[in-house]
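Engineer: Can you read through this structure? Questions will come right after.
Nothing in this text is a laboratory measurement; each read-out follows from the coordinates by a stated rule. Please read these numbers as outputs of a predicted model, since none were measured by experiment. Quick reminder, even Gly has a Cβ in these numbers, built from the backbone with ideal geometry, and neighbours come from all protein chains shown.
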Amino acid sequence: MIGQILALRYPDRIDSLTLIASSVFGKEAEKLPPMDQRILDYHTKSASIDWSNQEETVPYLAGGWEILSGTKPYEEKRMYKLAEREAARAKRLPSRFNHALLQGGGQYYDRLSEITIPTLIIHGTEDPALPYEHGLALAKAIAHANLIALDRTGHEVHSEDWAQIIESIVGISS
């Protein structure tokens, strides 16, 4: 969303835009499928997590990423390693949920058709957080956008998709 706002606010400063697992904002967003209830149910547990205890925190973080996965094999070792690094470096892990509380930006609602820079949309076909229809809506709203569908990928990008993602980003930047 921040990238979209920057492209609208400072179009002369942005050469290209890549949106990964994102959505539209404004009236069109209200028509799109909601987040999978399993994600919300899972994260209700966050209030009871002892965030200073890595033995509790790491499995919670990795488990959240499992819910966000599509039907490609869950990369458990990679997710646990990532969770360990995140738990070790973060000072306030619960703040990872703050982006859901952001408000404002109404002046940018329903203006995505004004984005004229090369735009790449990368979206998993099995995204439970922002279902694939969100990626389709972005592609429809931004003229000349190129949508790359990651088959069987959820909201978390799978390592099998890295080469395709890198190739697509390099292609839009060149």
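Engineer: Using 1/(1 + (r/R0)^6) with R0 = 22 angstrom and r between the beta carbons of I2 and R78, what's the FRET efficiency to the nearest 0.05?
Structural biologist: For R0 = 22 Å, the calculated efficiency reads 0.25.
Engineer: Starting from one equal scatterer on each C-alpha and no solvent at all, send me the Debye-based log10 I(q)/I(0) for region 37-101 at q = 0.12, 0.24 Å⁻¹, two decimals.
Structural biologist: -0.29, -1.15
Engineer: Quick one: if the Förster radius is 45 Å, what FRET efficiency do E133 and A90 give, using the C-beta to C-beta distance and rounding to 0.05?
Structural biologist: That pair, E133 with A90, gives E of 0.90.
Engineer: Amide H of N146: which non-local residues (sequence gap of 5 or more, or other chain) have their own amide H closer than 5 Å, using H built in the peptide plane?
Structural biologist: Amide H to amide H, under 5 Å and 5 or more residues apart or across chains, N146 pairs with T119, L120, I121.
Engineer: Please determine, in degrees from 0 to 90 and to the nearest 10, the orientation of helix 132-141 with respect to the longest principal axis defined by the Cα atoms of the chain, where the helix direction is its Cα long axis.
Structural biologist: The two axes meet at around 20 degrees.
Engineer: Given Y108, T18, Y132, which one lies farthest toward the positive end of the charge dipole of the chain, if we put +1 on the Cβ of every Lys and Arg and -1 on the Cβ of every Asp and Glu?
Structural biologist: Among Y108, T18, Y132, the one farthest towards the positive end of the dipole of the chain is Y108.
Engineer: Sticking with this one: Compute the relative contact order of region 36-158 as a whole-number percentage, counting only Cα pairs closer than 8 Å that sit 6 or more residues apart in sequence.
Structural biologist: With pairs under 8 Å counted, the relative contact order is 30 percent.
Engineer: Given the chain, what count of lysine pairs have C-alpha atoms under 19 Å apart, with each pair 8 or more places apart or on different chains?
Structural biologist: 4
Engineer: Based solely on its DSSP helices, what 222 nm [θ] is calculated for the chain when runs of n ≥ 4 H residues each add -39,500 (n - 2.57) and the sum is averaged over all residues, nearest 500 deg cm²/dmol?
Structural biologist: Value at 222 nm, helices only: -11500 deg cm²/dmol.
Engineer: What is the gain in length, in nm to one decimal, between D110 and W51 on full extension, counting 0.36 nm per residue of separation less the C-alpha to C-alpha distance?
Structural biologist: 17.4 nm
Engineer: Another question, then. Highest GNM mean-square fluctuation, the chain, Cα pairs closer than 10 Å: which of E66, E76, E126?
Structural biologist: Maximum among the listed residues: E76.
Engineer: Further question: Each residue of region 120-129 in turn: what ³J(HN,Hα) in whole Hz from Karplus with 6.51, -1.76, 1.60 and θ = phi - 60°, glycine and Pro shown as x?
Structural biologist: 10, 10, 10, 8, x, 6, 10, 6, x, 7
Engineer: Calculated FRET efficiency, H43 and S16, Cβ-Cβ r, R0 30 Å, to nearest 0.05?
Structural biologist: According to the calculation, E is roughly 0.35.
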